[in-house]
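A short write-up of the structure that comes next.
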Protein chains: 2
Amino acid sequence: MTDTALPFDTASLDRLAQVVVRTGLNLQPGQDLVVTASAEALPLVRRVTAEAYKAGAGLVTALLSDEEITRARYRHGHDDTFDRAPSWLYEGMAKAYGNNAARLAIVADNPMALSDMDAGKVARASKANSVAYKPALEKISGFDINWNISAYPGRAWAQLVFPDLDADAAQARLAEAIFAASRVDRDDPAGAWVAHNAELAARRDWLNGQAFHALHFRSSGTDLTVGLGDRHIWMGGASEAKNGVVCNPNIPTEEVFTTPHKDRVDGTVRASKPLAHQGTLIEGIEVRFEAGRIVEAKATRGEEVFLKLIDTDEGARRLGEVALVPYASPISESGVLFYNTLFDENAASHIALGQCYKDCLGGTKGLSDDEVAALGGNSSLIHVDWMIGAPDTDIDGITVAGERVPVFRGGNWA
Amino acid sequence: MTDTALPFDTASLDRLAQVVVRTGLNLQPGQDLVVTASAEALPLVRRVTAEAYKAGAGLVTALLSDEEITRARYRHGHDDTFDRAPSWLYEGMAKAYGNNAARLAIVADNPMALSDMDAGKVARASKANSVAYKPALEKISGFDINWNISAYPGRAWAQLVFPDLDADAAQARLAEAIFAASRVDRDDPAGAWVAHNAELAARRDWLNGQAFHALHFRSSGTDLTVGLGDRHIWMGGASEAKNGVVCNPNIPTEEVFTTPHKDRVDGTVRASKPLAHQGTLIEGIEVRFEAGRIVEAKATRGEEVFLKLIDTDEGARRLGEVALVPYASPISESGVLFYNTLFDENAASHIALGQCYKDCLGGTKGLSDDEVAALGGNSSLIHVDWMIGAPDTDIDGITVAGERVPVFRGGNWA
Ligand SMILES: [Zn+2]
Ligand SMILES: [Zn+2]
Ligand SMILES: [Zn+2]
Ligand SMILES: [Zn+2]
């Protein structure tokens, strides 16, 4: 295999491909795989394909995208077309997942690639894609199949993250950061993932054993009580898909997370990191909740976008996720803002506005929307994570009896 | 648009994209487009996408392939998988064409890319793909929609064609050859195509007016009479698809062609150029026909492959196409052997073993297989073109009454 001169260590890319196929997907003999990736990520896609076939894959099908092709559409496309999507392709993907193909998405694009395009057209196309992709997405979000999202250091993304470096140096630094966060900078990445999954499972099991009524977050600018959903379940790390395959849907992942109660969130919270949302950087978010609902909100930068976001629908002002990430974790320690949720949400404890995870409620799968709402699960068109964990974050668990149990002290597990 | 330093003139690539969209496809406002191409051809795919949207395209969907991904399958794939194909994707393409999407295939890959892989696996995978792709291919070969095949100068292909040059120089030379053959090395490529299509149409109409019973080819080593199919029709250049769009299915194209009579081919013929077939070069082909059937065959190189080829089925020993190309044409004058039918069959008059073009028979579309055979149309699993036109080629048309009319003299139109 020849790679046109990459400015980073390709042995780590080999290890990343192995981790993606074995730990991330846990691809089974005979199982097909559908890979979506930017063509720029070919050095990783090729390695993943080889690893998949070595693991006994059925057929590996790569669907390669390209930022310039996407941008050409927004630049020159006729206005009529932005409410359409290639449903024949998305229906095909749904069919593949319906036949037990595993799914891999490789993230490499510049998160700001469309920030200079007509926002209205981008929003319309995104909505049309969501509608057409829904049958496929339901197989993924419903965890019918084993799946994974991983990252490749795209050059434009790297230059956004490291604007002071030249293109090669920026790509090399982003590669390093991805390799470290994905635990492939070590001698035994597979072993490191077994240990890491065991630690996440222990945290998760402890939290499930406690069955807290609420969590109380305190740090500079934050005094927030987050009620947890009735019969909530903490998740994190490796999980079993409905096809029986245990996989790691995200690489990296540092969080354990659950569904809060949409009506029992009170107090004030200050974001601890900037939030990159659809090409806009939102900084200095401060919000006050009453009975689950945001009643005051401001930001020092991008406030207009943030206020528009929480006005998307009724559920956009309420929480759909609370997640615990220690300050002492590889991504947090890197100090890098990736402008990408896969990384940034794993740098700090976070909450998400909008849609909840149904699987974190009720202890049984397949609840109806009414049942989810009755347990406190929020619903919305959006799901936007933002970081609230800081070096001075203390978290207490509050039991049904009102007792306090230390969960985090000084940003880390107590 | 930024192209990673291409060693050739990208202004010609801009013009090629325009010719492909306007002359090749004649893409209609609101019409969707499906592009298949190697990821290596992205500099052309991006330009084609922009041109398509400027022309009012609906949605442009690019399906990008990669030689290394394909090779990884043959290297590491489990034996069971070579009889399978991603039918969900091919069915989706058939659906798109069924909804009047136009189709563009960009040729860029090394024709010998799989020559070092297990030939049995390649053949099995190729057959499985053909079966799965059949519903889509029928919309193309049945000319339901406007479609086009064009070329991009891939680096590995260039090095095969120009083995004595370094990679950059080879790619630059192949680019030049493609630009010249595609008539985009001129000031007004669109005008050049109008003129070229008019000339091909005039030749075609003259031949149709003559309604010859047979053609008689004479040159050094060749004395061959090719009977023409009953009610045969000559085609070439721009043609109207069943969706009413006039397009140029091949760029480049120099041929006018029709369907010979499978039982009325007699005499000897010597190939005038080597034939690249599935990774093998076949040189010095000499064949004798009796009553339409090859009864003697030899070659100075690759004879075994050639003999195996004509034993594929009964129809593989008979002709399915005869095509006239003057020696004075851009591809022939370049003297380059491209190892690719899109180019090589447009360098010289040629015949093809195997499957005939049904649309060249009978004057009406949608004939049954029996009707096609009754008119002299051959059928076979193969369709392999080989070049017989030389600088000294004379061709006479023979009328039903037995009169001779000069068609070619000294390699060119009489
Ligand atoms: Zn999260
Ligand atoms: Zn989230
Ligand atoms: Zn031909
Ligand atoms: Zn042909």
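Okay, residues lined up against (1) surrounded by fewer than 24 Cβ atoms within 10 Å (Cβ to Cβ); (2) within 12 Å of ligand 3 (Cβ to nearest atom); (3) part of a loop (DSSP other than H, G, I, E, B):
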{"position": "B:CYS356", "(1), (2), (3)": "no, yes, yes"}
{"position": "B:ASP359", "(1), (2), (3)": "yes, no, no"}
{"position": "B:GLY377", "(1), (2), (3)": "no, no, yes"}
{"position": "B:ASP392", "(1), (2), (3)": "yes, no, yes"}
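Residues checked against (1) of a type outside the set (Lys, Arg); (2) touching a residue at least 60 places away in the same chain (Cβ under 8 Å); (3) closer than 23 Å to A:LEU307 by Cβ:
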position	(1), (2), (3)
A:HIS213	yes, yes, no
A:GLU255	yes, yes, no
A:HIS261	yes, yes, no
A:VAL265	yes, no, yes
A:ARG270	no, yes, yes
A:GLY284	yes, no, yes
A:ARG288	no, no, yes
A:ARG293	no, no, yes
A:GLU296	yes, no, yes
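Considering only residues that are under 22 Å from A:LEU228 (Cβ atoms) and of a type in the set (Gly, Ala, Ser), look in the stretch A:282-323 and name the one that is surrounded by the fewest Cβ atoms within 10 Å (Cβ to Cβ).
Only one residue fits best here, namely A:ALA291.
Restricting to the stretch A:5-32, give me the number of residues that are closer than 22 Å to A:LYS95 by Cα and within 13 Å of another protein chain (Cβ to nearest Cβ).
Going through the stretch A:5-32 one residue at a time, the tally reaches 7.
For the stretch A:68-75, does any single residue satisfy the condition of being closer than 19 Å to B:ALA52 by Cα, touching a strand residue (DSSP E or B) at 6+ places or on another chain (Cβ under 7 Å), without any contact (Cβ under 8 Å) to a residue 12 or more places away in the chain and among the aliphatic types (A, V, I, L, M)?
Yes.
Being assigned to a strand (DSSP E or B), farther than 19 Å from A:ARG46 by Cα, assigned by TED's automatic domain parsing to the domain that holds B:ILE106 and not small (Gly, Ala, Ser) is true for just one of B:VAL48, B:VAL35. Which residue is that?
Of B:VAL48, B:VAL35, the one residue that is assigned to a strand (DSSP E or B), farther than 19 Å from A:ARG46 by Cα, assigned by TED's automatic domain parsing to the domain that holds B:ILE106 and not small (Gly, Ala, Ser) is B:VAL35.
Looking at A:ALA72, A:ALA62, A:ALA57, A:ALA50, which is the one that is crowded, with 19+ Cβ neighbours inside 10 Å and more than 7 Å from every other protein chain (Cβ to nearest Cβ)?
Numbers: A:ALA72 fails: more than 7 Å from every other protein chain (Cβ to nearest Cβ); A:ALA62 fails: more than 7 Å from every other protein chain (Cβ to nearest Cβ); A:ALA50 fails: more than 7 Å from every other protein chain (Cβ to nearest Cβ).
The match here is A:ALA57.
Please state which of the following conditions A:VAL295 fails to meet, knowing it meets all the rest: (1) more than 16 Å from ligand 2 (Cβ to nearest atom); (2) of a type in the set (A, V, I, L, M, F, W, C); (3) closer than 22 Å to A:VAL107 by Cβ.
(3) is the only condition that A:VAL295 fails.
Just to check your reading of the model, which residue among A:VAL45, A:VAL107 is buried (at least 19 other Cβ atoms within 10 Å of the Cβ), within 23 Å of the chain's Cα centre (by Cα) and closer than 25 Å to B:ARG75 by Cα?
Checking each option against the conditions leaves just A:VAL45.
Here is a check on your reading of the model: is B:LEU114 part of a loop (DSSP other than H, G, I, E, B), in the same structural domain as B:GLN31 (by TED's automatic domain parsing), farther than 21 Å from B:LEU44 by Cα and in contact with a Ser or Thr (Cβ under 9 Å, 6 or more places away or on another chain)?
Yes; evaluated as a whole, the condition is true for this residue.
Going by the conditions given, is A:PRO86 of a type outside the set (A, V, I, L, M) and more than 10 Å from every other protein chain (Cβ to nearest Cβ)?
no
Any idea which residue in the stretch A:311-325 is nearest to the other protein chains (Cβ to nearest Cβ), counting only those that are more than 16 Å from ligand 2 (Cβ to nearest atom) and modelled with pLDDT under 95?
Within the stretch A:311-325, the match that is nearest to the other protein chains (Cβ to nearest Cβ) is A:ASP313.
Specify the residue that is nearest to A:VAL20 (Cα to Cα); the eligible residues are those in the stretch A:246-267 that are in contact with a helix residue (DSSP H, G or I) (Cβ under 8 Å, 6 or more places away or on another chain) and more than 16 Å from ligand 1 (Cβ to nearest atom).
Looking at residues that are in contact with a helix residue (DSSP H, G or I) (Cβ under 8 Å, 6 or more places away or on another chain) and more than 16 Å from ligand 1 (Cβ to nearest atom), I get A:CYS247.
So B:GLU254 clears everything in (1) touching an Asp or Glu at 6+ places or on another chain (Cβ under 7 Å); (2) within 30 Å of B:ALA201 (Cβ to Cβ); (3) among the acidic types (Asp, Glu) except one condition, right? Which one?
It is condition (1) that B:GLU254 fails.
Of a type outside the set (Lys, Arg), over 19 Å from B:LEU89 (Cα atoms) and within 14 Å of another protein chain (Cβ to nearest Cβ), is that true of A:MET112?
No, not satisfied.
If you scan the stretch B:303-331, which residues turn out to be closer than 23 Å to B:SER219 by Cα, of a type outside the set (Phe, Trp, Tyr) and without any contact (Cβ under 8 Å) to a residue 40 or more places away in the chain?
B:GLU303, B:ARG317
Taking B:ILE388, is it within 30 Å of B:LYS127 (Cβ to Cβ), away from ligand 2 (no atom under 16 Å from the Cβ), at pLDDT 95 or above and hydrophobic (A, V, I, L, M, F, W, C)?
So B:ILE388 passes the test.
Kindly check whether there is at least one residue in the stretch A:228-235 that is out of contact with any Pro (no Cβ under 7 Å at 6 or more places or on another chain), of a type outside the set (D, E, K, R) and either more than 16 Å from ligand 1 (Cβ to nearest atom) or not assigned by TED's automatic domain parsing to the domain that holds A:TYR357 (or both).
Going residue by residue through the stretch A:228-235, those that are out of contact with any Pro (no Cβ under 7 Å at 6 or more places or on another chain) are A:230-235.
Still in the list and also of a type outside the set (D, E, K, R): A:232-235.
Add one more test, that the residue is either more than 16 Å from ligand 1 (Cβ to nearest atom) or not assigned by TED's automatic domain parsing to the domain that holds A:TYR357 (or both), and what stays is none.
Within the stretch A:228-235, none of the residues are out of contact with any Pro (no Cβ under 7 Å at 6 or more places or on another chain), of a type outside the set (D, E, K, R) and either more than 16 Å from ligand 1 (Cβ to nearest atom) or not assigned by TED's automatic domain parsing to the domain that holds A:TYR357 (or both).
State whether one or more residues within the stretch A:75-84 are among the acidic types (Asp, Glu), in contact with a helix residue (DSSP H, G or I) (Cβ under 6 Å, 6 or more places away or on another chain) and assigned by TED's automatic domain parsing to the domain that holds A:ALA175.
Yes: the stretch A:75-84 contains one or more residues that are among the acidic types (Asp, Glu), in contact with a helix residue (DSSP H, G or I) (Cβ under 6 Å, 6 or more places away or on another chain) and assigned by TED's automatic domain parsing to the domain that holds A:ALA175.
Would you confirm whether or not the stretch A:90-100 contains a residue that is crowded, with 19+ Cβ neighbours inside 10 Å, outside any helix (DSSP H, G or I) and in the same structural domain as A:ASP144 (by TED's automatic domain parsing)?
no
Looking at (1) within 16 Å of ligand 4 (Cβ to nearest atom); (2) under 17 Å from the mean Cα position of the chain (by Cα); (3) surrounded by fewer than 23 Cβ atoms within 10 Å (Cβ to Cβ), which is the only condition B:PRO274 fails?
Result: B:PRO274 passes all but (1).
The values are calculated or read from the model by the stated rules, or taken from the named source; none is laboratory data. Quick caveat: nothing in here was measured; it's all calculated off a predicted structure. Every residue, glycine as well, gets a Cβ built from its backbone with ideal geometry; the counts of neighbours run over all protein chains shown.
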